[in-house]
Amino acid sequence: MALLRVDGLEMRFGERLIQSGVSFEVEPGTIFAIMGGSGCGKSTLLKHMVGLLRPAAGSVAYNGVDYWAADDATQSKLRAAFGMLFQSAALWSSMTLLENVCLPLEQHTTMDEAQREARAREVLEWVDLAKFADFFPSDLSGGMKKRAGLARAIATEPPLLFLDEPSAGLDPISSKRLDDLMLELRRRTGAAVVLVSHELPSLFAIADDGIFLDADSKQPIAHGSPRALLDASSHPTVRAFLTREEQPAAAGAGPTQAERTPLRSSLASLPVTDDDTASP
């Protein structure tokens, strides 16, 4: 049985259709990517899976239990079985890192205070933040906040993690470090990961499987690992996304390729800095 199964999901805001016919399965230990261009509904799909938005149709099942057909008590139990890392890390600003990581342990386990603190310090060590346990989020860089949010998400050892654009706003060095950390955490915990991202280096480096949402047709148009889709997909939207090439434009729709400034040349002049240091 799949750890997570999404079947025939339809997402709407009122009369506005976001996506329909979304179906896939996530097996234990898999890193599953939700891909697609801006505005296609990636983060919206994630919200439907974690209980923040009710779908217009279809089901989201954890170990065979349909979340949206379950009662409140069952939904609460299902939510306790997964961790979530939001784009902004969503740390409580009035709490230290240690207190942030202890919070889900207090809510979802029977550990006493000493056990909670020991576990929180352990996972902070995993993400290389043990010496910052008594710091507040405002004292940390963006990359450190993401790692702290990841520590909080894995504190209760959930079998499934949801990560919403974990590399957003990070420089390439910090982004690579976070990718390596996610692979290491999967090795340590065996957790499956559902990853929303448009960052190609991350997608190619860590994703085992995935689904591609199309903003125009408002339905999935490809299913497979990013590398497999790069090799095998002939769909122009999928190929344009995975190769960072523009689709052919209609006549008169804009400048020709020769008239555009090459992106690679523009990026080459930008400095790369390591954001991964604490503020004084």
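Just so it is clear, none of the values below were taken in a lab; they were calculated from the coordinates. None of these values were measured; they are calculated from a predicted model. Backbone-built Cβ (ideal geometry, glycine too); neighbour counts: all protein chains shown.
Here are some notes:
- Amide H contacts of Leu4: Val26, Asn63, each under 5 Å away and 5 or more positions distant or on a separate chain (H built 1.01 Å from N in the peptide plane; Pro and chain starts excluded).
- Cβ-Cβ FRET estimate between Glu113 and Phe136, R0 fixed at 22 Å, reported to 0.05: 0.65
- Among Pro172, Leu124, Leu103 the positive-end extreme of the charge dipole of the stretch 102-192 (Cβ point charges): Pro172
- Shown for the stretch 52-184: lysine pairs separated by 8 or more places, or found on different chains, whose C-alpha atoms are under 24 Å apart, numbering 5.
- Range of Cα positions in the chain per principal axis (Å), largest first: 67, 50, 33
- Rough spin-label spacing in nm, given labels placed 7 Å along Cα→Cβ, for Met95 and Ala80: 1.7
- Given in Å, the Rg to one decimal and the Dmax to the nearest whole number for the Cα atoms of the stretch 95-144 are 10.8, 32.
- FRET efficiency for Asp128 and Glu15, using Cβ-Cβ distance with R0 set to 41 Å, rounded to 0.05: 0.30
- 3J(HN,Hα) along the stretch 91-100, derived from phi through the Karplus expression 6.51 cos²θ - 1.76 cosθ + 1.60 where θ = phi - 60°, amounts to 7, 6, 5, 8, 10, 6, 4, 4, 5, 4 Hz, with x in place of Gly and Pro.
- Alpha-carbon Rg with Dmax, taken over the stretch 88-241, Å: 17.4, 56
- Under a model in which nothing but the beta-carbon of Lys, Arg (+1) and Asp, Glu (-1) is charged, the stretch 23-164 shows a dipole of about 460 debye around its Cα centre.
- FRET efficiency, Val65 to His223 (Cβ-Cβ, R0 22 Å, nearest 0.05): 0.40
- Cα-projected label distance for Ala2 with Leu52, points at 7 Å along beta-carbon direction, nm: 2.2
- Ordering Ser23, Ala148, Leu53 by the projection of their Cα atoms onto the charge dipole of the chain, which places +1 on the Cβ of Lys and Arg and -1 on the Cβ of Asp and Glu, puts Ser23 at the extreme positive end.
- Top of Met144, Met111, Met182 by mean-square fluctuation, Gaussian network on the chain, Cα under 10 Å: Met111
- Ascending count of other beta-carbon atoms within 10 Å, so fewest first, for Asp179, Asp139: Asp139, Asp179
- For Asp209, nonlocal amide neighbours, meaning residues 5 or more places apart or on other chains whose placed amide H falls under 5 Å from its own, are Ile31, Ala33.
- Size of electric dipole in the stretch 57-115: Cβ of Lys, Arg +1 and of Asp, Glu -1, about Cα centre, debye, nearest 20: 220
- Rounded to the nearest 5, the antiparallel percentage of DSSP beta bridges internal to the chain is 50%.
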